[in-house]
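A short reminder: the numbers here are calculations on the coordinates, not readings from a lab. Please read all numbers here as calculations on a predicted model, not as lab measurements. Heads up, the Cβs are rebuilt from the backbone with ideal geometry, glycines too, and the neighbour counts pull from every protein chain shown.
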Amino acid sequence: MTLLWQTRMLRDARLTVADEIENALSYYRTTFLEEIPALYADIEAALGEHGVPARLPAFFQMGSWIGGDRDGNPNVTEPTLETAITRQATVIFEHYLEQVHKLGAELSVSNLPAGSSDALQALADASPDQSEHRTDEPYRRALIGIYTRLAASARVRRRCSASISRASTCGRVRTSTKR
């Protein structure tokens, strides 16, 4: 009761579009990025229990208009849209990088006792990780390669965002509402 009594009913200042973007993305981090894959896994498991083994196609996707709703809000501009896209990209890259890092910490399986598939070995061989301490750990080596590619993509996205206002070659976001 005290918490409710001591909470302001109104803010002193209006939220900015950037505030709205960050608020929405906080929900992505705490719910959607974990729960959508869990939902797919639950549905696939339930189908499997009924004799229907399935790998579901993507049918549930998250989207957001926050920061890009060019419907008359004078505070939503081309730079605001670029901020929204950049923040969304940053959140998803951070999520995937964290997940790949966690997998790499867990998957210490050596291929000495049982070998590995040709596909896994190809991924491991393509990895920039040539440490002699992991030569028999194809999962870790493959994940290091995946992590490296994700991190490089994230860096490219940041560079493009930083240079977008200078008409970079990274491509421009279409922000006009005219068709």
- Note on the structure: Along the dipole axis of the chain (charges at Cβ: +1 for Lys and Arg, -1 for Asp and Glu; origin at the Cα centre), the most positive-end residue among Ala126, Leu107, Tyr139 is Ala126
- Query: Which peptide among 24-37, 102-115, 137-150 comes first, and what is the full order, when sorted by highest mean count of other Cβ atoms within 10 Å?
  - Reply: 137-150, 24-37, 102-115
- For His101 and Asp69, what does the FRET efficiency come to when R0 = 41 Å and r is the distance between their Cβ atoms, rounded to the nearest 0.05? 0.75
- Query: Which of the following values of percent of Cα pairs over 19 Å apart was calculated from the structure shown: (i) 55; (ii) 62; (iii) 73?
  - Reply: (iii)
- Difference of contour (0.36 nm per residue) and Cα-Cα distance, Thr135 to Glu35: 32.5 nm
